[in-house]
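*Asks:* Can you keep this structure in mind? I'll have questions shortly.
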Amino acid sequence: QVQLVESGGGLVQPGGSLRLSCAVSGSIFRLYFMAWYRQAPGKRRELVATVTSGDSTNYADSVKGRFIISRDNAKNTVYLQMNSLKPEDTAVYYCNARLDGGSYWGQGTQVTVSS
């Protein structure tokens, strides 16, 4: 069973930055399509950013230019660098790994943007 463990969430003021990490178990991390999602209270889970096994990235319009997704295959870890944070970025952030029809989720990490 693939395990994903997110970390790096917390409370930050508007305009601040946070870096989320997601460590993935197993030996085939380099093959996974990786994504970050988020879910705010009372809202549906939404896709934030993705990175392919070939390092191609894609972003939701709401975070484009502010967030950066990256992966380190040597560390089995995917990152989400979040800059210029806004109150509307407040949500639980989830890491997702996909390969050959399988989809695996982490437990989520809370990000709160507030003054």
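*Asks:* Can you list the lysines whose alpha carbon is less than 25 Å from that of Lys64, not counting same-chain residues fewer than 8 positions off?
*Replies:* By straight Cα distance, Lys64 reaches Lys43, Lys86.
*Asks:* Still on this structure, please answer the following. Given R₀ = 25 Å, FRET efficiency for Phe33-Lys64 by Cβ-Cβ distance, to 0.05? Write out the running numbers ahead of the final one.
*Replies:* Details: r = 19 Å, r/R0 = 0.77.
The computed FRET efficiency comes out at 0.85.
*Asks:* Please compute one quarter of the surface area of the Cα convex hull for the range 13-115 and express it in square nanometres.
*Replies:* Result: 6.5 nm².
Quick note: the coordinates plus some simple rules give every number you see, no bench work behind them. What you see is a predicted model, and the numbers here were worked out from it, not measured in a lab. We place every Cβ from the backbone using ideal geometry, glycine too, and count neighbours over all the protein chains shown.
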